[in-house]
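Asker: Just passing along the structure, written as structure tokens.
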Amino acid sequence: MHKYIAKLDRLAAWTLFFGVILYFISGYGLTRGIISQDLATKLHFEILSIIVIVAFVIHVAYASRLAFIRWRFWSWSIKIIWAVFFAGFLTAFIYLDQFYQPKAIEQAVSKESTGDSSNQNNQTIETTTDNATGGTTDNQVAVDQAENQVFTKEKLAQYDGENGNPAYVAVNGKVYDLTSVFKNGTHYSHYAGQELTNAFLSYHAERALSKYPVVGEYQE
């Protein structure tokens with residue numbers, strides 16, 4: 001039995017080694033664009049995080065077990081504490097990585113499941129435009145196509161990706177249509193309708209935005 005556990009530990013060690021290297025590469029893919037943005041996102045957030053943490057827990061658990069045995073400190077009470085600690089650590093991480101959602105996202109999902117979103121979609125932001133006859137009222141925020149459109153902080157906030165509105169985000173003075181990325185107005189705890197230069201450049205290379213349409217300029 002010990003022979004198989006030792007083999008499992010060696011496998012975990014090599015998996016951890018290569019997993020960490022790939023994790024850094026995918027991270028630089030997000031921030032520096034050294035690999036495909038889509039591939040980097042999938043590896044970094046969906047695949048490698050789980051693989052690395054599982055390999056880490058197996059490797060560290062085995063090493064700590066050997067240390068306790070060598071110190072002759074391997075009683076039944078220590079075994080129970082050891083097993084509960086590593087099982088709890090792994091379970092907590094998997095829950096946070098795969099199942100936990102920020103409160104704002106949970107509320108949005110809850111509204112959709114109860115049908116509240118269908119009612120909210122009927123509530124639109126009214127905008128008024130002048131014409132020769134004195135003015136007309138539109139019942140939704142229109143998608144601005146002209147790249148010379150100027151967005152202030154207040155105007156950008158209207159495009160929050162909720163209630164059928166498009167999701168716009170300002171980065172380095174340009175406003176991008178990221179409706180395909182922001183679901184229900186959120187993307188990894190960030191919210192549409194805001195200036196997100198610092199938040200974006202912390203995780204991505206700016207050229208990653210080149211595939212999304214520019215809808216205007218942002219001015220404070």
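The values are calculated or read from the model by the stated rules, or taken from the named source; none is laboratory data. Fair warning: this is a prediction, and the values are worked out from it, not measured in the lab. Cβ coordinates were reconstructed from backbone atoms using ideal geometry, including for glycine residues, and neighbour counts include every protein chain displayed.
Asker: Could you run through region 181-202 and say how many residues are among the hydroxyl-bearing types (S, T, Y) and assigned to a strand (DSSP E or B)?
Answerer: Qualifying residue count, region 181-202: 2.
Asker: Please verify whether A108 is modelled with pLDDT under 90, closer than 30 Å to L209 by Cα, in contact with a Leu (Cβ under 9 Å, 6 or more places away or on another chain) and not hydroxyl-bearing (S, T, Y), treating the condition exactly as stated.
Answerer: no
Asker: Here's something else I'd like to know. Taking the criterion of being out of contact with any strand residue (DSSP E or B) (no Cβ under 8 Å at 6 or more places or on another chain), surrounded by 14 or more Cβ atoms within 10 Å (Cβ to Cβ) and not in a helix (DSSP H, G or I), would at least one residue in region 27-45 satisfy it?
Answerer: Yes, there is a match, as at least one residue in region 27-45 is out of contact with any strand residue (DSSP E or B) (no Cβ under 8 Å at 6 or more places or on another chain), surrounded by 14 or more Cβ atoms within 10 Å (Cβ to Cβ) and not in a helix (DSSP H, G or I).
Asker: Next question, about the same structure. For the list (1) among the hydrophobic types (A, V, I, L, M, F, W, C); (2) touching a residue at least 40 places away in the same chain (Cβ under 8 Å); (3) surrounded by fewer than 15 Cβ atoms within 10 Å (Cβ to Cβ), I need the number of the one condition that W71 fails.
Answerer: Of everything listed in (1) among the hydrophobic types (A, V, I, L, M, F, W, C); (2) touching a residue at least 40 places away in the same chain (Cβ under 8 Å); (3) surrounded by fewer than 15 Cβ atoms within 10 Å (Cβ to Cβ), W71 misses just condition (2).
Asker: Regarding region 132-144, can at least one residue be identified that is at pLDDT 75 or above, assigned to a loop (DSSP other than H, G, I, E, B) and surrounded by fewer than 15 Cβ atoms within 10 Å (Cβ to Cβ)?
Answerer: Checking region 132-144: not a single residue is at pLDDT 75 or above, assigned to a loop (DSSP other than H, G, I, E, B) and surrounded by fewer than 15 Cβ atoms within 10 Å (Cβ to Cβ).
Matching residues to (1) in contact with a helix residue (DSSP H, G or I) (Cβ under 8 Å, 6 or more places away or on another chain); (2) acidic (D, E); (3) at pLDDT below 80:
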{"residue": "N165", "(1), (2), (3)": "no, no, no"}
{"residue": "G173", "(1), (2), (3)": "no, no, no"}
{"residue": "G185", "(1), (2), (3)": "yes, no, no"}
{"residue": "H190", "(1), (2), (3)": "yes, no, no"}
{"residue": "S202", "(1), (2), (3)": "yes, no, yes"}
{"residue": "S210", "(1), (2), (3)": "no, no, yes"}
{"residue": "P213", "(1), (2), (3)": "no, no, no"}
{"residue": "E217", "(1), (2), (3)": "no, yes, no"}
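Asker: Are any of the residues in region 210-218 surrounded by fewer than 17 Cβ atoms within 10 Å (Cβ to Cβ), more than 18 Å from P166 (Cβ to Cβ) and β-branched (V, I, T)?
Answerer: Taking every residue of region 210-218 in turn, none turns out to be surrounded by fewer than 17 Cβ atoms within 10 Å (Cβ to Cβ), more than 18 Å from P166 (Cβ to Cβ) and β-branched (V, I, T).
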